[in-house]
Amino acid sequence: MPTEMAPRTDHGTRRSLVPRVLRRGRGERGASLPEYALLVGLLVVPTVAGIDMVRGGAGDAAQGTADRISDPTIPTVPPTSSTTPPATTTTTTTTPPTTTTTTTTTTTTTTTTTRPPTTTTTAPATQMLSTWGAVTTSTATRPIRWSAQTSVTIRDNYNVAVSGATVTIKVEYRRGSNSWSTAPNLTGTTNGTGTLLLDSGFYNSSGGSRADEIRFTVTSVVKSGLTWQTNTTTVTGTRPN
C-alpha cells in the first residue's frame, strides 16, 4: 500500500512525523523498536530544550535579583520643574462719568385782571358843629379884676375843620346866685384849624358890681354851603379867689 504524504505544516518536520507514525500504527502490525525510539526522541528533545530555556531564564532572573540586592540603586527622582506662571496683566478700563442734562421747561401763565380804581363819591359836607375848649382865667391888680378865656372849634359832619366860619358868642355874667346879666357879644372868624379864641374882658372882683361867673354861648355860625347844627352847649369861668 502506498504511503500517503502528510501536508507540511507551519511547525516543521517534527510535527509532521508524529501523524505519520500514528497513521502507520493503524496497520496490521505493531510499531517497531526504532519507531518507538524515534517517537520518544521527538518528544524528549523539545522537552529538554524547553527545560533548558526555562532554567536559563530562571537563572538570569535570579542573577538579576541578586545583583539588585547586592548593589541597590536608589531611584533618582526627577527634579520637579517649578514653572512660574506668567504674570497676569490686568487692564482696568475707566469709563468716563456719564453727564446727564435734564432740561425742564416750565411755562407759567398768569392772568392778571386789573380792575379800574373804584371811584368813591363823597357827598359834600352840609353841617357844622361847635366844640368848646378849656376855660382859663387871668387877673389884674389896679383895680382888682379878672377875665375868662376859652376857644371854640368848628368842624363839619365829616369831622373836618371849617376855616373862615363867622362865629357869634353871647357873653353873660352874674354875682352869686343872681340872674345872668348880658354883656356885649363876641364875634370872630375861625382860623385854618377851625378854631376861634375868645376873651371875655375884665370884670370886677370885689364890691357890689363884682362878677362871680362868666358864661359863653355860641349863638350862630355862618359858612357858605354849610348849616350850623344849633346847640345850647355853654362853658363857664369862675372868679379866682
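The values are calculated or read from the model by the stated rules, or taken from the named source; none is laboratory data. A quick note: this is a predicted structure, and the numbers were derived from the prediction, not measured. Positions of Cβ are generated from backbone atoms using ideal geometry, with glycine treated the same way; all protein chains shown enter the neighbour counts. We work out accessible area using only protein heavy atoms, side chains counted, and drop any ligands, DNA or RNA first. Shrake-Rupley method; radii C 1.70, N 1.55, O 1.52, S 1.80 Å.
Being hydrophobic (A, V, I, L, M, F, W, C) and in a loop (DSSP other than H, G, I, E, B) is the filter; apply it to the range 113-140 and report the residue that is least open to solvent (accessible area, probe 1.4 Å).
So the residue we want is 125.
Working only within the range 200-217, note down all residues that are surrounded by fewer than 13 Cβ atoms within 10 Å (Cβ to Cβ) and either touching a helix residue (DSSP H, G or I) at 6+ places or on another chain (Cβ under 9 Å) or modelled with pLDDT of 95 or more (or both).
Listed by number, the list is empty, since nothing qualifies.
What is the number of the single condition among (1) surrounded by 14 or more Cβ atoms within 10 Å (Cβ to Cβ); (2) among the small types (Gly, Ala, Ser); (3) more than 16 Å from residue 210 (Cβ to Cβ) that residue 164 does not meet?
(1)
Kindly indicate the residue of the range 218-231 that is assigned to a strand (DSSP E or B) and surrounded by fewer than 18 Cβ atoms within 10 Å (Cβ to Cβ) and also farthest from the chain's Cα centre (by Cα) among those meeting that condition.
Out of the qualifying residues, it is 219.
Could you list, ordered by first residue, the pairs with Cβ atoms under 6 Å in which the first is in the range 114-137 and closer than 18 Å to residue 231 by Cα and the second is surrounded by 12 or more Cβ atoms within 10 Å (Cβ to Cβ) and of a type in the set (Ser, Thr, Tyr), at least 6 apart or interchain?
As it stands, the answer is 127/227; 131/153; 133/150; 133/151, since those pairs meet every condition given.
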